[in-house]
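The values are calculated or read from the model by the stated rules, or taken from the named source; none is laboratory data. On a predicted model such as this, the values are computed, not experimentally measured, just so you know. Glycine gets a Cβ as well: all are built from the backbone with ideal geometry, and neighbour counts include every protein chain shown. Note: areas computed on protein heavy atoms with side chains; ligands, DNA, RNA excluded. Shrake-Rupley method; radii C 1.70, N 1.55, O 1.52, S 1.80 Å.
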Amino acid sequence: MQLRTSSLAIALLATSFATLNLAVAQSDDVLPPLKQTAECMFEVLKAMPEVSEPKLGVTTSEGWAHPFLEYRAAEALSKFYPIRFNAKKADRGGFWFLAVKSGLGAPEFHVTEAVIQKWKVQCSAEANVLFP
């Protein structure tokens, strides 16, 4: 039984290490200008008083590794789920960030509007929220 438990622990550690290495490799795959913009946006989130649980990460979708920013705001828009902005490739080159949120009723997103404005001014980042 002791050997079995040790083997399981080693397997879990190996899996965790492999996952960590994968995340690092994905982060390295992000283009430097996009990575720099996302890091600036993350710093803005950390400084906003009505923002909590800011997160900067990397995901691979649509065939490329790109950053995402996620947070909760003191507004109805993120009451149950955090707001997540994913980087998108612009048609004419460059990048922008998009969050998709339910637009049921009259969505309140005054904090998110302030975040988007600060991102634009401080980081030269374009971001939008889509309410399908």
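Just how much of Val44 is accessible, in Å², when a 1.4 Å probe is used and the result is rounded to the nearest 10?
Accessible area of Val44: about 10 Å².
Can you give the local net charge around Ser61? Use residues other than it whose beta-carbon is closer than 14 angstrom to its beta-carbon, Lys and Arg +1, Asp and Glu -1.
+1
Just how much of Asp29 is accessible, in Å², when a 1.4 Å probe is used and the result is rounded to the nearest 10?
Solvent-accessible area, nearest 10 Å²: 100 Å².
Kindly state, to the nearest 0.05, the FRET efficiency for Val121 paired with Ala74, given R0 = 25 Å and r defined as their beta-carbon distance.
That gives a FRET efficiency of 0.75.
What does the charge count near Gly94 come to, summing +1 for each Lys or Arg and -1 for each Asp or Glu among other residues with Cβ under 13 Å from its Cβ?
+1
Could you sort Ile116, Ile83 by accessible area so the largest value comes first, with the probe set to 1.4 Å?
Final ranking, largest accessible area leading: Ile116, Ile83.
Go through Thr59, Thr112 and list them by solvent-accessible area, largest first, probe radius 1.4 Å.
Working: Thr59 35, Thr112 0 Å².
The ranking, largest first, comes out as Thr59, Thr112.
For the stretch 28-132, just say rounded, prolate or oblate: build the C-alpha gyration tensor, square-root its eigenvalues into a ≥ b ≥ c, call rounded for a/c under 1.5, and beyond that prolate if a/b exceeds b/c, oblate if not.
It is prolate, given that a/c is not under 1.5 and a/b is the larger ratio.
From the Cα gyration tensor of the stretch 35-88, with a ≥ b ≥ c the square roots of its eigenvalues, which class applies: rounded if a/c is under 1.5, or else prolate if a/b is larger than b/c, or else oblate?
Note, shape of the stretch 35-88 comes out oblate.
Leaving out ligands, DNA and RNA but keeping every protein chain, what accessible area does Ser124 have, in Å² rounded to the nearest 10, with a 1.4 Å probe?
100 Å²
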